[in-house]
Amino acid sequence: MLPIASFLLLPAALQAPAPLPPLVDAKTLPGVPGPLVPHYPDPAFGPGASRMDLAIRERARRGINIPAAALPAGSCRISDQVAGVSGWKAYRVDVPAGGGFKVRLHSPQEAWFLVKVVDAWGQEGAGMLQNRIPTGNPEATYRNPKASQSTVFIVVDTRDTSLQGTPYTLTLTRN
């Protein structure tokens, strides 16, 4: 039998994992004005995409803002699905001075998703530029460099034109 003190020396990998943040259904989140449409190339444009599908998607992506929902304070998991032909949705996050977060998307088709953090103008800025380094996962981070609260948007985008109804879960971990 092992002495009780030996359990204190167990490596962190063998200890119980941290509990998951609460799961929120995206349908219950309040809608808010989203960021301006970003000016980056549509990730669905590629050699295998149908011209008709791309034309329909391009028209669906025209507009001033991306549809958005406000996320609650604290860490959370958001259960949502790709809603329409445009293939994107935004989530507003209020970040206190010096605060930050990491967001990770989970889906059976993770490779078909892209996650970005942008400001209200649809641009990347201070605290977001590290997301330009590809990790191979649909994830992004943000660290608020300002001395005041900052509002940013997480943009979930798709790399395919036919993902309507595809479910995904975003895990937002604040730090």
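The values are calculated or read from the model by the stated rules, or taken from the named source; none is laboratory data. Note that the structure is a prediction, hence the values are computed from the model and not measured. Backbone-built Cβ (ideal geometry, glycine too); neighbour counts: all protein chains shown. Accessible surface areas use protein heavy atoms only, side chains included; no ligands, DNA or RNA. Shrake-Rupley method; radii C 1.70, N 1.55, O 1.52, S 1.80 Å.
Points worth noting:
- Rounded to the nearest 0.05, the FRET efficiency derived from the C-beta distance between residue 23 and residue 52 at R0 = 45 Å is 0.75.
- Summed residue charge, Cβ within 12 Å of residue 119's Cβ, Lys/Arg positive, Asp/Glu negative: +2
- Here the spin labels are modelled as points 7 Å beyond Cα on the Cα-Cβ line, and at residue 62 and residue 130 they lie 4.0 nm apart.
- Among 47, 145, 35, the residue with the largest mean-square fluctuation in a Gaussian network model of the chain, with springs joining Cα atoms closer than 10 Å, is 47.
- Considering only 20, 129, 54, the Gaussian network model of the chain with Cα springs below 10 Å gives its largest mean-square fluctuation to 20.
- Relative to the dominant Cα principal axis of the chain, helix 51-60 is inclined by about 80°.
- Straight-distance crosslink candidates among lysines, where the alpha carbon sits under 18 Å from residue 146 and sequence neighbours closer than 8 are dropped: 102
- Per-residue ellipticity at 222 nm from helix content only, as computed over the chain with -39500 (n - 2.57) for each DSSP H run of at least four residues, stands at -1500 deg cm²/dmol.
- Taking chymotrypsin sites (Phe, Trp or Tyr not before Pro) as exposed when their DSSP state is a loop state and no more than 14 other Cβ atoms lie within 10 Å, the longest site-free interval of the chain runs over 46-120.
- Computed E for residue 146/residue 37 - FRET, C-beta separation, R0 22 angstrom, nearest 0.05: 0.35
- Cut-off 10 Å between beta-carbons: net charge of the residues surrounding residue 66, Lys and Arg +1, Asp and Glu -1: +1
- Trypsin sites (Lys or Arg not before Pro) lying in DSSP loop within the stretch 120-175, provided at most 16 other Cβ fall within 10 Å: 146
- Accessible surface calculations at 1.4 Å, restricted to protein heavy atoms, place the chain at 58 Å² per residue.
- In summary, the lysines within cross-link reach of residue 27, defined as a Cα separation below 17 angstrom excluding same-chain residues under 8 places away, comprise 89.
- Phi to ³J(HN,Hα) by Karplus 6.51 cos²θ - 1.76 cosθ + 1.60 over the stretch 99-109, Hz, x for Gly, Pro: x, x, 7, 10, 10, 9, 9, 10, 6, x, 10
- When the Cα positions of 169, 70, 137 are compared along the charge dipole of the chain, 70 comes out farthest toward the positive end, with charges on each C-beta of Lys, Arg, Asp and Glu.
- With the largest listed first and rounded to whole Å, the semi-axes of the equivalent ellipsoid of the chain from the Cα gyration tensor are 33, 20, 15.
- Accessible area per residue was computed with a 1.4 Å probe on protein heavy atoms; residue 116 scores about 50 Å².
- Counted by Cβ distance under 11 Å from residue 99, the other residues give a net charge of +2, where Lys and Arg count +1 and Asp and Glu count -1.
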